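The values are calculated or read from the model by the stated rules, or taken from the named source; none is laboratory data. Quantities reported herein were computed from a predicted structural model and do not represent experimental measurements. Neighbour counts are summed over all protein chains in view; Cβ atoms, including those assigned to glycine, are modelled from backbone coordinates with ideal geometry.
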Amino acid sequence: MKTSAGNTPSQLSRIPDMDELVNDFIQEAITSLEKVEPLVESLGEPYLQTIETNIRILFRTFHSIKGVAGFLQFALIQDLTHEAETLFDTIRESPTVQSTDVLTLIYDTIATLKTLVNEVYHHSAHQAIANPHELHSPQTQKQAHGLMERLRLVHGQQEESENFFDNTTSIEQTYTIVLRELATTLHILIASLQESSSMPTSSITDTVGSILNILNNPTFKALIQGHDEALSLAQSASVFADMIIAGDLSLNEQVLITLHSQIDGIITILSSTAEAFEMPASVESVMPSQTDILHSSSAPFQGSNEKFSAGVANPTEDVQESIGQASSPNQSQAIERTEIRVETAKLDKLFDLVGELVTMQTMALNSPDLQGLVLPQFRKSAAMLTKITRQLQSVTMSMRMAPVEILFAKMRRVVREVSSQVGKSVELYVSGADTEMDKNLLELLFDALVHIVRNAIDHGIEAPEERKQVGKSETGAIMLGALYEGNDIVISVRDDGGGLHREKILRRAQERGIITSANAHSLADEEVWKCIFEPGFSTAETVTDISGRGVGMDVVRQNIEKLRGQIQISSKEGIGTTVTLRIPLTLASMDVMMIRVSKSYYAIPLGAVRQSFRPKTTDITVTMDGLEIVRVRETLYPIIRLHQAFGQVADSQDLTKGILIIIESHNRKACLFVDEVVGQQQTVIKSLSDYIGSVAGLSGCMILSNGHIGLILDPDDLIRQAEERASVLTD
C-alpha cells in the first residue's frame, strides 16, 4: 500500500514558525479527541438520529486532524485518521447501530492517535522536528499499522490510499490543500445545518477556528502579501471567522456560505500561483466549489441564492450590517481573538502564585505594625485590594473547573464492556452532569469511579434470571449523580442490585482477622461495610479479570483520601447499594471561619458552620453518663470541647464564658466549644506533611497572618468522634 511515508522533511524546514504550528496541532488534536471520545458510545445505541449527528461530528474531527497532520507531514497520524474517516463515512452513508467490535475498534483508534500525538509532543519538546518519520516508537508504529488493517477490513476498502503530499509540494500547494480540506468540512457543516437546526455550536467554531489559525499564520500572511485580492479576502474572512467564534454573528447557513466563498476565492488565487499544481483526483472529487454550494438542490440553499449571488468579494447586506454593528470602524483589521490556549504548567503556576498572593495579602493587612493606627485611606485601599484579590482568585479557580460530564461519559464505555463480560444487561443513568469541579480532581477520580462501577455490575447487579425471579426488570440500572453541598461536590453511584450481604462480609472479615466473632453481630451496618475497603478483602469465590483480588475498593479509599475526601456506603439487601463520594471542590483554597482555642488558631470550613452563640446556663444539660448537651430551639446537640480534643488549656472551663459553634456534616450536627471567634477569611490549603501523617479531627493547615501555622478542622471527623464517645457512654 502506498502511504504518506514517502514525504520528506524538506518542506518543514522551509516554514519559519514550525514549532508554533506543531504546538497548535498537538493542542487541537488532543482537545478534539477528548471531546469526541464520549460520542462513540452513542453509535451502539438504538437512536438513529443521534448516530447520524455524532458520526458527522466524528467525521469532521478526524477530517480536520488528517488535513493538518498532512500539512505538517505527520504521515502515520494522517494515514490512521484517513482510514478511520473512511469508516465514519461508510457509517454516515448508511447509519445503523454499530456492534461492540466496531465501538472497540474506534476507541482503540482514538487511544492510538493520542499516543501518536503525545509522541510528537515529547519529541518536539526536546528537539526540533527534522524528520517526521523518526517521531514514533516501533511498537506504536506496529500498533497503528495493525489498526489501519482492521479499519480497512471493517469498511471494506483495500485500495491504495492517495498521498496528498509528495516530495515536490510547495508551500503554496500545501496551504491550498489544507484550506480545501477545511472548506470541505465547512461545506459539510452547511449541509448539516440544512438538515438539522440543532447543530452543536462547538462543531462550527472548531472548524472556523482552524481556518482562522491558517489566516493568522505569519507564513501564510507573507505568502499572500503580494496578492491584493487574496489579502483583501483573507482580512475579510478573518473578520468573519473572529465574529463567528466570538458569537457576534448568528450561526446560520448564510454566514457560513459567505465565509466559504471568501476561502474559495483565496484557494483559487493560491492554485493559480502554484507552478504546475494539480490537486489529486481523490481531493477534487469531494471538494465542492462555491457554485456547487449556491446551486445545491437542497431547498434552504435555493432560497439563499438571490442573497448570495453577489460573488466572493461582496458579502450580503445583512451580513455587512451585522459586521457594522458588532465590529470596529476599521473593518479591514481582524478582531482580536477571544480565546487562547495556555499550557497546564503555566496555569498551575499562576494558581500557585495567586495562592501565595492571598497569603501575603492576609499577612500584610494584619501586620502587628498596623495595630492601633488610624489609617482610613489605607483601610479603604486595603478593602479594595481584598475585593480584587478575591475576584482574581475566583477567576483563576474557574479556569481550572470542568463539568463532571467528562468523567460520567467515560463510564458508559465501562458499563457496556463490563456488563458484556459478565453476561448482564445494565443501563446507565446520569444526573447533575453539568456540575463543575477542579479539572485535576476529575483525572484523579477516574480510577476510583471505574472500580466502583465495575463492582456494582459484577457484585451488585444480579443475573437476568435472578432479577426476573424476584420481580425486577431483567435490565439492571446504575445511577450516577453529582451535586454541590457546601464546599464539597457529592458524587453518588447507586445500583438497583441485590445489595451488600452482611453475613457474607462478616464471615470473610472474621476469616481475615479484621474483626472478632465477639463483637461481629453488635457492629452497625456502616462499620461492617467499611470492611470491603480493607486491602485484599473480597467476597468473590473465584478470581476473574474483573474482580476477586481485593484491590478495587482499597484503591478507591486511597484515591479519595488523597483528595481529602470521604466515602460512605449505604445498602439494603435486595434493594441496592449507594456509594457516596464527598470531595472538596478544589484542593487549593476555601472560605473559613477563624477561631481561637487557648493560644492556638484553627479554621473551620465555612460551609460546615451553621451558627455561633454564647449559651446560657439553662440551655446546657449534663447526662448521667457525663455527656454535655446544649439545647438550641428544642434540638439537642452534643458538645465537643476543642481544647480537650487537642490537649490544650482553655481560657475558661465554663461553657457560658466561651462560644459554641454548630457544625454540620452529612446531616449530622454537633457544637464546638471555643474561646473566641476571630473572623472569616479565604485561605490557601496546605496538606499536612507525610511525617505528621493523618491526624484525627484535622484535614490540613494554613499560614496565618503572623506567618505561623494554623490548623484546618475536619468537621465530619469531629462529629464522628463525638458520636463514638456518646455511644461508649450510653452502652
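Just a yes or no: is a residue in segment 644-654 in a strand (DSSP E or B) and over 30 Å from Glu466 (Cα atoms)?
Of all residues in segment 644-654, those in a strand (DSSP E or B) come to none.
Taking every residue of segment 644-654 in turn, none turns out to be in a strand (DSSP E or B) and over 30 Å from Glu466 (Cα atoms).
Against the condition under 30 Å from Lys439 (Cβ atoms), surrounded by 13 or more Cβ atoms within 10 Å (Cβ to Cβ) and modelled with pLDDT of 85 or more, how does Thr389 come out, does it pass?
Yes: the conditions hold for Thr389.
Yes/no per residue for (1) without any contact (Cβ under 8 Å) to a residue 40 or more places away in the chain; (2) in the same structural domain as Gln361 (by TED's automatic domain parsing); (3) at positive phi; (4) touching a Ser or Thr at 6+ places or on another chain (Cβ under 7 Å):
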{"residue": "Arg390", "(1), (2), (3), (4)": "no, yes, no, no"}
{"residue": "Thr396", "(1), (2), (3), (4)": "no, yes, no, no"}
{"residue": "Val418", "(1), (2), (3), (4)": "no, no, no, no"}
{"residue": "Lys424", "(1), (2), (3), (4)": "no, no, no, no"}
{"residue": "Glu427", "(1), (2), (3), (4)": "no, no, no, yes"}
{"residue": "Val430", "(1), (2), (3), (4)": "no, no, no, no"}
{"residue": "Asp434", "(1), (2), (3), (4)": "yes, no, no, no"}
{"residue": "Phe446", "(1), (2), (3), (4)": "yes, no, no, no"}
{"residue": "His451", "(1), (2), (3), (4)": "no, no, no, no"}
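All but one of (1) crowded, with 16+ Cβ neighbours inside 10 Å; (2) closer than 21 Å to His451 by Cα; (3) at pLDDT below 80; (4) touching a Ser or Thr at 6+ places or on another chain (Cβ under 7 Å) hold for Ile546; which doesn't?
With respect to (1) crowded, with 16+ Cβ neighbours inside 10 Å; (2) closer than 21 Å to His451 by Cα; (3) at pLDDT below 80; (4) touching a Ser or Thr at 6+ places or on another chain (Cβ under 7 Å), Ile546 is out only on (4).
For every residue, the table says whether it meets (1) in contact with a Ser or Thr (Cβ under 9 Å, 6 or more places away or on another chain); (2) part of a helix (DSSP H, G or I); (3) small (Gly, Ala, Ser).
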residue	(1), (2), (3)
Glu52	yes, yes, no
Thr61	yes, yes, no
Lys66	yes, yes, no
Gly70	yes, yes, yes
Asp79	yes, yes, no
His82	yes, yes, no
Leu87	yes, yes, no
Ile91	no, yes, no
Thr96	no, no, no
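Out of (1) in contact with a Pro (Cβ under 9 Å, 6 or more places away or on another chain); (2) in a strand (DSSP E or B); (3) of a type outside the set (Val, Ile, Thr), what's the single condition that is false for Ala402?
(1)
Scanning for something outside the structural domain of Leu357 (by TED's automatic domain parsing) and under 28 Å from Ala383 (Cα atoms), does segment 618-634 turn up at least one residue?
No, segment 618-634 has no match at all.
Does at least one position in segment 424-439 carry a residue that is in a helix (DSSP H, G or I) and hydrophobic (A, V, I, L, M, F, W, C)?
Checked against the condition, which is being in a helix (DSSP H, G or I) and hydrophobic (A, V, I, L, M, F, W, C), segment 424-439 yields no hits at all.
Which residue pairs have Cβ atoms closer than 6 Å, lie 6 or more positions apart in sequence or on different chains, and pair a first residue in segment 513-534 that is in the same structural domain as Leu500 (by TED's automatic domain parsing) and surrounded by 12 or more Cβ atoms within 10 Å (Cβ to Cβ) with a second residue that is among the basic types (Lys, Arg) and assigned to a helix (DSSP H, G or I)?
Within 6 Å, the pairs are Val528/Arg502; Phe533/Arg557.
For segment 361-384, check the following and say yes or no: at least one residue is under 28 Å from Leu444 (Cβ atoms) and either of a type outside the set (Asp, Glu) or modelled with pLDDT of 85 or more (or both). So that I can check it myself, show each step before the final result.
Taking segment 361-384 and keeping what is under 28 Å from Leu444 (Cβ atoms), we get none.
Looking through segment 361-384, none of the residues is under 28 Å from Leu444 (Cβ atoms) and either of a type outside the set (Asp, Glu) or modelled with pLDDT of 85 or more (or both).
Does segment 492-508 contain any residue that is at pLDDT below 85, part of a loop (DSSP other than H, G, I, E, B) and surrounded by 18 or more Cβ atoms within 10 Å (Cβ to Cβ)?
Looking through segment 492-508, none of the residues is at pLDDT below 85, part of a loop (DSSP other than H, G, I, E, B) and surrounded by 18 or more Cβ atoms within 10 Å (Cβ to Cβ).
Quick grid of which residues meet (1) buried (at least 22 other Cβ atoms within 10 Å of the Cβ); (2) within 25 Å of Asn217 (Cβ to Cβ); (3) in the same structural domain as Ile214 (by TED's automatic domain parsing); (4) within 26 Å of the chain's Cα centre (by Cα):
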{"position": "Val68", "(1), (2), (3), (4)": "yes, yes, no, yes"}
{"position": "Leu87", "(1), (2), (3), (4)": "yes, no, no, no"}
{"position": "Arg92", "(1), (2), (3), (4)": "no, no, no, no"}
{"position": "Val97", "(1), (2), (3), (4)": "no, no, no, no"}
{"position": "Thr112", "(1), (2), (3), (4)": "no, no, no, yes"}
{"position": "Glu119", "(1), (2), (3), (4)": "no, yes, no, yes"}
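Hey, among the residues in segment 627-640 that are more than 42 Å from the chain's Cα centre (by Cα) and within 18 Å of Arg720 (Cα to Cα), which one's surrounded by the fewest Cβ atoms within 10 Å (Cβ to Cβ)?
Leu636
Which of the residues that make up segment 241-275 are within 16 Å of Leu231 (Cβ to Cβ), touching a residue at least 12 places away in the same chain (Cβ under 8 Å) and surrounded by fewer than 21 Cβ atoms within 10 Å (Cβ to Cβ)?
Residues satisfying the conditions are Ile269, Thr273.
Are there any pairs with C-beta distances below 6 angstrom linking a residue in segment 646-663 that is assigned by TED's automatic domain parsing to the domain that holds Ile595 and in contact (Cβ under 8 Å) with a residue 40 or more places away in the chain to a residue that is in a helix (DSSP H, G or I) and exposed (fewer than 12 other Cβ atoms within 10 Å of the Cβ), with the two at least 6 apart or on different chains, and if so which?
Thr656/Thr617
Having 3 or more residues that are under 23 Å from Gln644 (Cβ atoms) is the bar; report the strands (runs of 3 or more DSSP E) wholly within segment 572-624 that clear it.
589-597, 600-605, 609-613, 620-622
Please indicate, with yes or no, whether at least one residue in segment 638-649 is of a type in the set (Gly, Ala, Ser), modelled with pLDDT under 90, closer than 30 Å to Thr580 by Cα and in contact with a strand residue (DSSP E or B) (Cβ under 6 Å, 6 or more places away or on another chain).
Filtering segment 638-649 for residues of a type in the set (Gly, Ala, Ser) gives 645, 647.
Next, from what is left, pick out any that are modelled with pLDDT under 90: 645, 647.
This time we only want the ones that are closer than 30 Å to Thr580 by Cα, so: 645.
Subset that is in contact with a strand residue (DSSP E or B) (Cβ under 6 Å, 6 or more places away or on another chain): none.
No.
Give the number of residues within segment 148-171 that are modelled with pLDDT under 65 and surrounded by fewer than 21 Cβ atoms within 10 Å (Cβ to Cβ).
Residues flagged as modelled with pLDDT under 65 and surrounded by fewer than 21 Cβ atoms within 10 Å (Cβ to Cβ) within segment 148-171 amount to 12.
Among the residues of segment 178-195, are any buried (at least 18 other Cβ atoms within 10 Å of the Cβ), at pLDDT 75 or above, among the small types (Gly, Ala, Ser) and within 29 Å of the chain's Cα centre (by Cα)?
no
Here is a yes/no grid of residues against (1) among the aliphatic types (A, V, I, L, M); (2) part of a helix (DSSP H, G or I); (3) within 30 Å of Ala524 (Cα to Cα):
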{"residue": "Ile629", "(1), (2), (3)": "yes, no, yes"}
{"residue": "Leu688", "(1), (2), (3)": "yes, no, no"}
{"residue": "Gly693", "(1), (2), (3)": "no, no, yes"}
{"residue": "Ser699", "(1), (2), (3)": "no, no, yes"}
{"residue": "Glu723", "(1), (2), (3)": "no, yes, yes"}
{"residue": "Ala726", "(1), (2), (3)": "yes, yes, yes"}
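Identify, please: which residue in segment 454-476 is in contact with an Asp or Glu (Cβ under 8 Å, 6 or more places away or on another chain), among the basic types (Lys, Arg) and assigned to a helix (DSSP H, G or I) and is, among those, farthest from Glu427 (Cα to Cα)?
The extreme case among them is Lys468.
When you look at Leu21, is it modelled with pLDDT under 90 and either out of contact with any Pro (no Cβ under 8 Å at 6 or more places or on another chain) or farther than 21 Å from Ser210 by Cβ (or both), yes or no?
The answer is yes for Leu21.
Hey, His451 hits all of (1) more than 15 Å from the chain's Cα centre (by Cα); (2) assigned to a loop (DSSP other than H, G, I, E, B) but one; which does it fall short on?
Answer for His451: the failing condition is (2).
Residues in segment 571-620 that are of a type in the set (Asp, Glu) and farther than 25 Å from Thr362 by Cβ: how many? Full working, then the answer.
Just the residues of segment 571-620 that are of a type in the set (Asp, Glu), to begin with: 573, 591, 619.
Among the residues that remain, those that are also farther than 25 Å from Thr362 by Cβ are: 573, 619.
Of the residues in that region, 2 qualify.
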